[in-house]
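Contents: one structure, followed by commentary.
The values are calculated or read from the model by the stated rules, or taken from the named source; none is laboratory data. Not measured: the values here are computed from a predicted model. Cβ placement follows ideal geometry from the backbone for every residue including glycine, while neighbour counts extend to all protein chains displayed.
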Amino acid sequence: TTGLSKENIEAAINDAYNANKDSKEGKNADYIKELANVDPNIYGIALVTADGTVYTKGDLDSRVSIQSISKVFTLARVIEEHGAKYVMDKIGVDATGLRFNSIVAIELQKGKEINPLVNPGAIAAVSLVNGADSAAKWKNILQTHDEFAGADLQLNGPVYISEAGDNLRNQAIAHLLLAYGRMYFDPVQSTDVYTKQCAINVNARDLGIMAATLANGGVNPITKKKVVSPETTAFTLSVMATAGLYDDSGQWLYAVGLPAKSGVGGGIIAVCPGKFGIAVISPPLNAAGNSVKAQKTIYDIVKKLNVNPYLVQ
Ligand code: GLN
């Protein structure tokens, strides 16, 4: 039996859950102090089809900070507001091939081609989002995340405070971009709004629905609200395919074949366009900053469901 029947999806999720639940590989992020305190045993899976059926397994109650997965939704908003070419001209879309918080990447490129899914391009994306001041930008960004999730998402206060007091590296990134004429709003405030967006709290179900909205051409399959256009969604997914897992993005696409995005809070989303979005949360990370268990779980499910779009049999 093949295909995306209810039985197959449930079996794929159960098998992957059981195969990976006892893995202890990886380590919580600790460069943001509060993330070291998150329970490493949180393990939740949500697969949401493009027509709105929700399949879940494991821990759906625990929320973690969205971290870098937020970069996807802010990028989508900026493309929606200003167009694909604008993002290409003002930020760039080629992968840096370097760590997500690399300053060298900016220096090498003189601020060009800094990529919206790693820190420099993501802070630049925040600086470009509509909103006359930082409060308006934050409101726009939070509302975008709410619409993708179909929920009133909340800020994780302790994670925000912890990172805001300790984000000198991201502040340096924003200032270096400004020096190269590639920061389009106050660098301190842009970094602050960026830090806030990274601290939005989500559970696996929220992330699954956000991913499913991308799988469904920008229409939330639960609320039926159009969040962004199909064209914006396609451009966003393309950047996810080439840069969604930082400097391991090539390895990921090689193994799984689906656009995805990770965050150091332990979440990963992946999107099978037209079919489903999937999200897994498990905080322990590998050296590149990607959740070990979430990667393995998504890999197992995609393999079982046989949905690698590059695989034609
Ligand atoms: N807020 C984190 C940072 O800027 C996000 C990084 C991530 O998830 N890779 O370092």
Odd one out for A46 among (1) in a strand (DSSP E or B); (2) small (G, A, S); (3) within 16 Å of the ligand (Cβ to nearest atom): (3)
Filter result for A243 (buried (at least 21 other Cβ atoms within 10 Å of the Cβ) and within 16 Å of the ligand (Cβ to nearest atom)): yes
Residue in the range 60-108 that is nearest to the chain's Cα centre (by Cα), counting only those that are within 16 Å of the ligand (Cβ to nearest atom) and free of Cβ contacts under 8 Å to residues at least 24 places away in the same chain: S102
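How many of the residues making up the range 132-173 are among the charged types (D, E, K, R) and within 16 Å of the ligand (Cβ to nearest atom)?
Let us first name the residues in the range 132-173 that are among the charged types (D, E, K, R), namely 133, 137, 139, 146-147, 152, 163, 166, 169.
Next cut, within 16 Å of the ligand (Cβ to nearest atom) only: 163, 166, 169.
Number satisfying all stated conditions: 3.
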Whichever residue in the range 67-114 is at pLDDT below 95 and part of a helix (DSSP H, G or I) and, among such residues, is surrounded by the most Cβ atoms within 10 Å (Cβ to Cβ): I106
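Conditions tested, residue by residue: (1) crowded, with 24+ Cβ neighbours inside 10 Å; (2) closer than 30 Å to K57 by Cα; (3) modelled with pLDDT under 95; (4) under 15 Å from the mean Cα position of the chain (by Cα).
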site	(1), (2), (3), (4)
F148	yes, yes, no, yes
L155	no, yes, no, no
H175	no, no, no, no
A179	no, no, no, no
D192	no, no, no, no
C198	yes, yes, no, yes
D206	yes, yes, no, yes
P230	no, yes, no, no
T233	no, yes, no, yes
Verdict on I13 being in the same structural domain as I123 (by TED's automatic domain parsing) and in a helix (DSSP H, G or I): no
The range 39-89, subset of a type in the set (D, E) and in contact with a Gly (Cβ under 9 Å, 6 or more places away or on another chain), residue nearest to P259 (Cα to Cα): E80
Cβ pairs under 7 Å, 6+ apart, first in the range 244-268 and at pLDDT below 95, second small (G, A, S) and within 10 Å of the ligand (Cβ to nearest atom): Y246/A288; Y246/G289; D247/A288; D248/A288
The range 191-207, residues that are of a type in the set (K, R) and either in the same structural domain as I141 (by TED's automatic domain parsing) or closer than 14 Å to S65 by Cβ (or both): K196
Test: residue in the range 232-239 that is within 26 Å of K27 (Cα to Cα) and either of a type outside the set (D, E) or away from the ligand (no atom under 12 Å from the Cβ) (or both): no
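Conditions tested, residue by residue: (1) in contact with a Phe, Trp or Tyr (Cβ under 6 Å, 6 or more places away or on another chain); (2) more than 12 Å from the ligand (Cβ to nearest atom); (3) part of a loop (DSSP other than H, G, I, E, B); (4) not hydrophobic (A, V, I, L, M, F, W, C).
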| residue | (1), (2), (3), (4) |
| --- | --- |
| L253 | no, yes, no, no |
| G265 | no, no, yes, yes |
| I269 | no, yes, no, no |
| V280 | no, yes, no, no |
| A294 | no, yes, no, no |
| K303 | no, yes, no, yes |
| P309 | no, yes, yes, yes |
| V312 | no, yes, yes, no |
Some residue of the range 209-217 being touching a helix residue (DSSP H, G or I) at 6+ places or on another chain (Cβ under 7 Å) and on the phi > 0 side of the Ramachandran plot: yes
Unique match (being under 13 Å from I281 (Cα atoms) and either among the charged types (D, E, K, R) or outside the structural domain of V228 (by TED's automatic domain parsing) (or both)) among R63, R99, R77: R63
